[in-house]
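Novice: Before I ask anything, here is the structure I am working with.
The values are calculated or read from the model by the stated rules, or taken from the named source; none is laboratory data. This structure is a prediction, so every number in the text was calculated from the model and none was measured. Here the Cβ positions follow ideal geometry from the backbone for every residue, glycine too, while neighbour counts run over all protein chains shown. Calculation scope for accessible area: heavy atoms of the full protein, side chains included, ligands and nucleic acids excluded. Shrake-Rupley method; radii C 1.70, N 1.55, O 1.52, S 1.80 Å.
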Amino acid sequence: MTATTKTFLFDSSQIKFERIAGTLQSPEAVTLSHSDVENMLQAQGRELMRVLFQDHLNLRTVCESGIEGIVDAQGVPRKTIERNKKRTLTTVFGDLDDRRIAYRRCGLFTNIHPADAVLNLPDKQYSFGLRRLAAIESTRGSFEDAIEVAALTRTTEVHLGKRQLEEQVLLAAADFNSFYTITSRPKYEPGDVLVITADGKGINMRTEALRDATAKAAQSTKPATRLVKGQKCNGKRMAEVGGVYYATPVTRTPGDILNTSDNASGKGKDGPVAKDKWLTASVVENAATVVSDIFNEAERRYPDHALTWVVLVEGNIHQLNCIKTQAKARKVKVNIVIDFIHMLEYVWKAAHSFYKENDPAAEAWVAEKALAILCGRAGIVAAAIKRKATCLHLDRGKREAAETCNKYLLNKIPYLKYHIALKRPCHN
């Protein structure tokens, strides 16, 4: 193909560009405000991009030549050639006509299009770029919001219905698991630890999407005029979230975690940084299945178990049992640590048994107890909290949070050895 022919194929986009340039040079354009020019270029610029894309596809159509000896995946030859076989490709710029050679065989309903593979076209009508944009916008809220707020229409010339938008989001996530499967094993530095983390998160669901037990509880719940603080009303489904990553341990002191008087700088030492993070989450699979998937990834990264394994969790009993079961089945030693922030929430709730909300004394009390726990004195703190509640003669309702914190700290002592974890990458 000559250079002249190629130039001719881009006449449409050249004409479109000259029209836009001509409009900007016109006397009328000089009187426009910057926002008017901006809006005009946004609309006409997208159309120019669409025409350029179409001209490029037309060039590919002209350049494509037939291939001898085409066979399908089953080894069946495709000898019949049909040129200019059309398909519509919807991109972020708008609809395009893609014409290419189809290789056919009598009696078979599917054709082979080698040019589709070269372009890495999706099976469906919508482009990968549009699919990615749909996934991003839908995560900002509901599918209706992504459409009604015109999140896609603002940046594209495409108008998707709710069903089409949902389909694109599902397709965008379809390769998630296979992507992680084919990803090469990340490398770690000498002295790194392998960190496993798991957490549960309640997600508001439609009634028809609740698990059977929760749905029955929701139906039996009497409607209230107003939900009180913290009331869930059986409308959530628990999603299990997990991750695996490498981290280089950093030796620190309790004062590095909490700003204390012995920390002159007022700023603690920075902690470890997660490297090569792998994440997973499911609202469909139960915690045991997700924890198994997390251990699968951990073993894929380091199958001989020689690296130190640290498990960071929130402390849910079922979750801990799942982790212990997996560790025992795989014969791997794990060092379980409860997330400090999660533990701290229990201490804060206990503080509200003794102090009013927003009382500065409550913050000082929590800091004192948290620092003691970081120093390895969780059992002493648990006893002090119970003793304080008894000495103040709190009624049952007032001391409930304090009792809960006391039991939590006593039950989780094996996983609250922060003083050891801060000094070295693991603890027993």
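Novice: Heavy atoms of the protein only, probe of 1.4 Å, neighbouring chains included. What is the accessible area of Met49 in Å², nearest 10?
Specialist: Only protein atoms counted, so the area is about 80 Å².
Novice: Per residue, how much accessible area does the stretch 304-361 show when a 1.4 Å probe rolls over the protein heavy atoms, in square angstrom?
Specialist: Accessible area per residue: 54 Å².
Novice: Carbon and sulfur atoms: what percent of the 1.4 Å accessible area of the stretch 8-115 do they account for?
Specialist: Answer for the stretch 8-115 is 56 percent, counting heavy atoms of protein chains only.
Novice: Something else about it: Pop out the ³J(HN,Hα) list for the stretch 342-352 in order, Karplus 6.51 cos²θ - 1.76 cosθ + 1.60 with θ = phi - 60°, rounded to Hz; leave Gly and Pro as x.
Specialist: These are the phi-based 3J(HN,Hα) values: 5, 4, 4, 4, 5, 5, 5, 5, 5, 4, 6 Hz.
Novice: Using only Cα atoms, what is the ratio of the radius of gyration of the stretch 273-428 to 2.2 N^0.38 Å?
Specialist: Here the answer is 1.21, to two decimals.
Novice: For the stretch 1-118, report the accessible area per residue in Å² (1.4 Å probe, heavy atoms, rounded to an integer). It would help to have the intermediate numbers written out before the result.
Specialist: Working: 7670 Å² over 118 residues.
For the stretch 1-118, the per-residue accessible area is 65 Å².
Novice: Quick one: which of Lys86/Lys124; Lys187/Lys275; Lys356/Lys398; Lys275/Lys417; Lys16/Lys85; Lys356/Lys388 span more than 19 angstrom between C-alpha atoms?
Specialist: Pairs exceeding the cut-off: Lys275/Lys417; Lys16/Lys85.
Novice: Assuming R0 = 60 Å, what is the FRET efficiency of Asp270 and Leu41, from their Cβ-Cβ distance, to the nearest 0.05?
Specialist: For R0 = 60 Å, the calculated efficiency reads 0.85.
Novice: Related question: Would you tell me the accessible area of His342, worked out with a 1.4 angstrom probe on the heavy atoms of the protein chains, in Å² to the nearest 10?
Specialist: Number for this one is 50 Å².
Novice: Straight-line reach from Lys201: which aspartates and glutamates fall under 16 Å, measuring Cα to Cα and dropping same-chain residues less than 8 apart?
Specialist: Glu240, Glu285, Glu314, Asp339, Glu345
Novice: In what order, largest first, do Phe109, Phe295 sit by accessible area if the probe radius is 1.4 Å? Mind showing how you got there, number by number?
Specialist: Values: Phe109 200, Phe295 0 Å².
Largest accessible area first, the list is Phe109, Phe295.
Novice: Next question, about the same structure. To the nearest 10 Å², what's Ile294's accessible area with a 1.4 Å probe?
Specialist: Using a 1.4 Å probe on the heavy atoms, I get roughly 0 Å².
Novice: Put Leu279, Leu394 in order of accessible area, largest first, 1.4 Å probe: what do you get?
Specialist: Leu279, Leu394
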